[in-house]
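Undergrad: Have a look at this one.
The values are calculated or read from the model by the stated rules, or taken from the named source; none is laboratory data. In this text the structure is predicted, and so the values were computed from the model without any measurement. For neighbour counting, all protein chains shown are included, and Cβ atoms are generated from backbone atoms with ideal geometry for every residue, glycine included. Please note that ligands, DNA and RNA were not included when accessible areas were found on the heavy atoms of the full protein model with its side chains. Shrake-Rupley method; radii C 1.70, N 1.55, O 1.52, S 1.80 Å.
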Amino acid sequence: MVVEVSEQTRRLAEYLAGVPDTSLPAEVIHKTKHHVIDTVAAMVSGAQLPAGIRGLAYVGDTAEGPSALIGGGRAGVVEAALANGMSAHADETDDSHARSISHPGCAVVPAALAIGDLRHSSGEELLRAVAAGYDTGTRVVLSLGKPVLNTESHGRSTHAYCGLFGAAATAAALYRFTEEQNRHTLSYAAQSAAGVTSWVRDPNHIEKAFVFAGMPASNGVRSAAMVASGCDGVADVFAGTPNFLDALSADVRRDELADKLGQRYEIMATNIKKFAVGSPAQAAVQAILELVEEHPIDPAQVTNIRIVLPHDLCRVVDNRSMPDICCQYLVAGTLVDRAFSFAMAHDDDRMTDPLISALRQKTDLIPDPDKAGVRTAEVTVTLTDGTTRHRYIGAVRGTVDDPMTDDEITAKAVDLIEPILGTTQTTDLIHQLWTLDTCPDITTITNTLTAEVLSAAKR
């Protein structure tokens, strides 16, 4: 029987088949370490937060299997990917890919750890697989046409779709699948695709963590695990009649599936958050932080705070009930503290502090009708004497246009991990992650992150 496969699908599947034995450029390895460190830190921290706690509770503390649950026991690969994924996005600290409007790391890295534990993969294999996950998930989203995030209307969640295909590709690479097995894995992933933008209405960030990370990570891992068990599937889910892309889009851009694979690494175009807050609030936090670092602002002298954000982002962070995604609170807290801290961004009680509440009442959050799809902010503080302090942020620290240094990556990870693991184990863990390409077996790292070890570290 002759199986018809489009050039784009074949090239993508062949690329994934070659990932395990293909060296990455040095700069790509280094950038991939940034994202693994950042996501592991998010998982360790997030396992203590509501979404992470609920993911672990769903999987069960007494679950058995080959894969480590961060802050839990061990579980099967699918369950571990789900729980660790929800921990990775329990907070608002994970990475983001602007062009595809997605958060690849919170699904891709948990998938890599789940299958890496099962396969006793090396750190080098894991890094290659993670980079391939970013390459695949983003390209599938882009092949569906120009991504759009309209939180005032309805639509599929690009975050869920990118994570799904990214996780599936990462798992397939660690399984060392053939070109045909990769095509079948992508087909099972397509059948598992889900996620709509109603997550914007989630009041507690638990369903959002499932949509962005837990669901796509587990569905992607399941797709690969089914093929590993012997399941076959449709030869080309992206072309022919019927197919995945045409079922979901009237603006299919099939060439995006394999565009510059092996030349353009999408992890290099992925942003890392310097501040552990909702992505749309990043620039506003940076703006007020730069103002107070430049010259302190007396809260008693403030008559108005004007924040202008791109119109597609305002609703996401406008007076939300959670502190880390409430732009008005984050700006007020940073102004009062004259600094940003993880503790401030996660202090529910402080949202009703009289001084903070007074500043929030004086704050206007304004959508810019001419801007969308970017992370910018304009903050103007008006004082009682009529003077103003103003700052515009066009490129947020941690984005591709203004990347964080190795020291900043480490400092952020320490801020997230150290309260849980303590100084010594945090230092050891971060060293292991910085030298991941020399690690012969990833389980030597994941073993240090289970509940028993974390509990011992707290004592």
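Undergrad: For residues that are open to solvent by 50 Å² or more (accessible area, probe 1.4 Å) and under 10 Å from ALA41 (Cβ atoms), tally how many sit in segment 390-417.
TA: 1
Undergrad: Give segment 8-31 a look and list any residue that's crowded, with 20+ Cβ neighbours inside 10 Å and closer than 30 Å to VAL414 by Cβ, or say none. Lay out the reasoning, then the answer.
TA: Pass one, segment 8-31, residues crowded, with 20+ Cβ neighbours inside 10 Å: 8-9, 12-13, 15-17, 19, 24, 31.
Within segment 8-31, LEU24, LYS31 meet the criteria.
Undergrad: Something else now. Among the residues of segment 32-69, which ones are more than 24 Å from ALA225 (Cα to Cα), of a type in the set (A, V, I, L, M, F, W, C) and open to solvent by less than 10 Å² (accessible area, probe 1.4 Å)?
TA: ILE37, ALA41, ALA42, VAL44, ALA47, ALA51
Undergrad: Residues of segment 239-251 being more than 25 Å from the chain's Cα centre (by Cα) and in contact (Cβ under 8 Å) with a residue 40 or more places away in the chain, which ones? It would help to see each step written out before you state the result.
TA: Start the filter on segment 239-251 by keeping residues that are more than 25 Å from the chain's Cα centre (by Cα), which leaves 239-243, 246-247, 250-251.
ALA239, GLY240, ALA250, ASP251 - these are the residues of segment 239-251 that are more than 25 Å from the chain's Cα centre (by Cα) and in contact (Cβ under 8 Å) with a residue 40 or more places away in the chain.
Undergrad: Here's another thing I want to ask about it. Starting from residues that are closer than 13 Å to ILE445 by Cα and open to solvent by less than 10 Å² (accessible area, probe 1.4 Å), keep the ones in segment 121-135 and report whichever is nearest to the chain's Cα centre (by Cα). If you could, list the steps in order and put the result at the bottom.
TA: To start, the set of residues in segment 121-135 that are closer than 13 Å to ILE445 by Cα comprises 121-123, 126.
Still in the list and also open to solvent by less than 10 Å² (accessible area, probe 1.4 Å): 121, 123, 126.
Values: SER121: 22, GLY123: 20, LEU126: 17 Å.
The qualifying residue nearest to the chain's Cα centre (by Cα) is LEU126.
Undergrad: Tally up the residues in segment 235-282 that are acidic (Asp, Glu) and either out of contact with any helix residue (DSSP H, G or I) (no Cβ under 6 Å at 6 or more places or on another chain) or loosely packed, with under 15 Cβ neighbours inside 10 Å (or both), please.
TA: Here is the first cut: in segment 235-282, the residues acidic (Asp, Glu) are 236, 246, 251, 255-256, 259, 266.
Now restrict to residues that are either out of contact with any helix residue (DSSP H, G or I) (no Cβ under 6 Å at 6 or more places or on another chain) or loosely packed, with under 15 Cβ neighbours inside 10 Å (or both): 246, 251, 255, 259.
So the answer is 4.
Undergrad: Of the numbered conditions (1) within 30 Å of ASP437 (Cα to Cα); (2) open to solvent by 20 Å² or more (accessible area, probe 1.4 Å); (3) touching a Gly at 6+ places or on another chain (Cβ under 6 Å), ALA168 satisfies every one except a single condition; which is it?
TA: With (1) within 30 Å of ASP437 (Cα to Cα); (2) open to solvent by 20 Å² or more (accessible area, probe 1.4 Å); (3) touching a Gly at 6+ places or on another chain (Cβ under 6 Å) applied to ALA168, the lone miss is (2).
Undergrad: Being more than 23 Å from the chain's Cα centre (by Cα), open to solvent by 60 Å² or more (accessible area, probe 1.4 Å) and touching a residue at least 40 places away in the same chain (Cβ under 8 Å) narrows it down to one of PRO367, PRO354, so name that one.
TA: Details: PRO354 fails: touching a residue at least 40 places away in the same chain (Cβ under 8 Å).
PRO367 is the lone residue from the list that is more than 23 Å from the chain's Cα centre (by Cα), open to solvent by 60 Å² or more (accessible area, probe 1.4 Å) and touching a residue at least 40 places away in the same chain (Cβ under 8 Å).
Undergrad: (1) at pLDDT 95 or above; (2) buried (at least 24 other Cβ atoms within 10 Å of the Cβ): which one isn't true of GLY72, the others all being true?
TA: Every listed condition holds for GLY72 apart from (1).
Undergrad: Counting residues that are farther than 18 Å from LEU289 by Cα, which strands (runs of 3 or more DSSP E) fully inside segment 305-396 reach at least 1?
TA: By residue number, 363-368.
Undergrad: List the pairs whose first member sits in segment 15-28 and is in a helix (DSSP H, G or I), whose second member is of a type in the set (S, T, N, Q) and open to solvent by 30 Å² or more (accessible area, probe 1.4 Å), and whose Cβ atoms are under 7 Å apart, counting only residues at least 6 apart or on separate chains?
TA: ALA17/THR178
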